[in-house]
Amino acid sequence: MFCSVLGVIISGLIQLFITEDHIKQWIPKNKYLAIIMGGLLGAIFPGCECGIVPIVRRLLNKGVPTYAAIGFMLTGPLINPLVILSTYIAFGNDLKIAFLRMGLGFIIALTIVVVMSLFI
């Protein structure tokens, strides 16, 4: 519940403070660089599946390319800092498992987005 509310609040802040011109300046023109940027932003954003959807929807309305938004949506709930910390603790403070989840999750998510971008 908290995560959903946080997602809606952040979505509202994006609506108020981020313009389409900001998006055009920040998102790379190259499709694959935009996918990587979306994935990296998702990786540092602490959000769950239900909280990330309103944020991605707002970003799409602001002009973020679909492939960059999908990269953000796939990596956000999978490898954000809270998930990595939880994985680290859940597996007995095993840093190797946490890094494997982060690295493999990122690679798999970006691979999915690249394949999807071929059809979008």
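The values are calculated or read from the model by the stated rules, or taken from the named source; none is laboratory data. For clarity, every value in this text was computed on a predicted model and none was experimentally measured. Note that we place each Cβ from the backbone using ideal geometry, even for glycine, and neighbour counts take in every protein chain shown.
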Just checking, how many residues over the stretch 42-61 are at pLDDT 90 or above and surrounded by fewer than 18 Cβ atoms within 10 Å (Cβ to Cβ)?
3
Close pairs (6 angstrom Cβ cut-off, 6 or more residues apart or separate chains): part of a helix (DSSP H, G or I) in the stretch 5-22, small (Gly, Ala, Ser) and surrounded by fewer than 16 Cβ atoms within 10 Å (Cβ to Cβ) anywhere:
20/63
What residue, of 72, 17, is surrounded by fewer than 18 Cβ atoms within 10 Å (Cβ to Cβ) and not small (Gly, Ala, Ser)?
17
Out of the stretch 68-81, which residues are in contact with a Phe, Trp or Tyr (Cβ under 9 Å, 6 or more places away or on another chain) and at pLDDT 90 or above?
72, 75
Test residue 34 against the stated conditions and say whether it is modelled with pLDDT of 90 or more, surrounded by 15 or more Cβ atoms within 10 Å (Cβ to Cβ), out of contact with any Pro (no Cβ under 6 Å at 6 or more places or on another chain) and at negative phi.
no
Name every residue in the stretch 11-45 that is under 9 Å from the mean Cα position of the chain (by Cα), over 15 Å from residue 67 (Cα atoms) and not β-branched (Val, Ile, Thr), in order of residue number.
43, 45
Enumerate the helices (runs of 4 or more DSSP H) found wholly within the stretch 30-120, keeping only those where 3 or more residues are hydroxyl-bearing (Ser, Thr, Tyr).
66-79, 81-90
Out of 65, 77, report the one residue that is in contact with a Cys (Cβ under 7 Å, 6 or more places away or on another chain) and not polar (S, T, N, Q).
77
